[in-house]
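Please read the structure below before turning to the comments.
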Amino acid sequence: MSPAQTNNALPSEQQEKPRIVILISGSGSNMVAIADAVAKGDIDAEVAAVISNKPEAAGIQKAKDRDIETQIVNHKDFANREDFDMALMQQIDEYQPDLVVLAGFMRILTPAFVINYHGRMLNIHPSLLPKYQGLDTHQRALDAGDEQHGVTVHFVTEELDGGPNVIQAIVPIYDGDDATSLQQRVHTQEHIIYPIAVKWFVSGRLSMKGNSALFDNTELPASGLPLTNQ
Ligand code: NHR
Ligand code: GAR
């Protein structure tokens, strides 16, 4: 009998679920969307921990309310990015995650950190990447007079917001929109596409190869899978 078979659990119960660690800096609404999809059984995985670089992040309480372990690694406690990233990495690795999810995590990560999670770290970015990498994306789309905006889930690589796209949701920009109204429209889509991408990853259908995302072993288009929505 193998060590895994020494208890009375059914074979299906002996399998450890894929473990997810979610990094946040703010309100954590994307974290909640993923945690709730896990709780409902839509995603067959375990949220092992939610970690924030900001002690005051509202998402920390939302995780506690859902009985998810939380940790704070405050970037202000460290002299430089490298030291912060090392401490964050150690904290994450205590949970032995299969997937690391950046959900409104607002610190740029060093190459040493990114390499450690190569092919198993996702980010959600509020623009139709490769457009508008970096910050302040909603205002930049408005200022450019764009007719469409949106949000992208992508694998994280050393290039900021430059890793391969997985899935994109497109929203219209209306006359009279401001950054707040546009952000709200985008946010609604974020909470739809991020759980989908996480589900694909933990079920083994999504992977990264070179600078491409593969879905069922087929290269996804450079934009990621498009989801056109209101
Ligand atoms: N790190 C790497 N290496 N690659 C990516 O693709 C990353 C990343 C770290 C974070 C999220 C990202 C986004 O989706 C992300 C993707 C923060 C900044 C930033 O400038 C930029 C991009 C993203 C997140 N942060 C400031 C900094 O100095 C701090 C801003 C703040 O604290 O409010 O790190 O947009
Ligand atoms: C989301 O809109 C996400 O796309 C964005 O921050 C918000 C976090 O919201 N991410 C970035 O801007 C990364 N630079 P949440 O904390 O409620 O999930």
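The figures follow:
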{"quantity": "Any hit, region 194-205, residues being in contact with a strand residue (DSSP E or B) (Cβ under 9 Å, 6 or more places away or on another chain), among the β-branched types (Val, Ile, Thr), touching a residue at least 24 places away in the same chain (Cβ under 8 Å) and surrounded by fewer than 16 Cβ atoms within 10 Å (Cβ to Cβ)", "calculated": "no"}
{"quantity": "Selection within region 209-219 - of a type outside the set (A, V, I, L, M, F, W, C) and surrounded by 14 or more Cβ atoms within 10 Å (Cβ to Cβ)", "calculated": "SER212"}
{"quantity": "Where a residue in region 155-181 is at positive phi and its partner, wherever it lies, is surrounded by 15 or more Cβ atoms within 10 Å (Cβ to Cβ) and not in a loop (DSSP other than H, G, I, E, B), with Cβ under 8 Å and at least six apart", "calculated": "ASP161/ASN123; ASP161/HIS125; ASP161/HIS154"}
{"quantity": "One residue from ALA48, ALA79, ALA103 being closer than 25 Å to LYS199 by Cβ and either among the hydroxyl-bearing types (Ser, Thr, Tyr) or without any contact (Cβ under 8 Å) to a residue 60 or more places away in the chain (or both)", "calculated": "ALA48"}
{"quantity": "Selection status of ILE34, within 16 Å of ligand 2 (Cβ to nearest atom), crowded, with 19+ Cβ neighbours inside 10 Å and part of a helix (DSSP H, G or I)", "calculated": "yes"}
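For (1) aromatic (Phe, Trp, Tyr); (2) outside any helix (DSSP H, G or I); (3) touching an Asp or Glu at 6+ places or on another chain (Cβ under 8 Å); (4) exposed (fewer than 14 other Cβ atoms within 10 Å of the Cβ), each residue gets a yes or a no:
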| position | (1), (2), (3), (4) |
| --- | --- |
| HIS154 | no, yes, yes, no |
| GLU159 | no, yes, no, yes |
| VAL166 | no, yes, no, no |
| ILE170 | no, yes, no, no |
| SER207 | no, yes, no, no |
| PRO221 | no, yes, no, yes |
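No lab work stands behind these numbers, since they all come straight from the coordinates. Note that the coordinates shown come from a computational prediction; the quantities given were computed from them, not determined experimentally. Backbone-built Cβ (ideal geometry, glycine too); neighbour counts: all protein chains shown.
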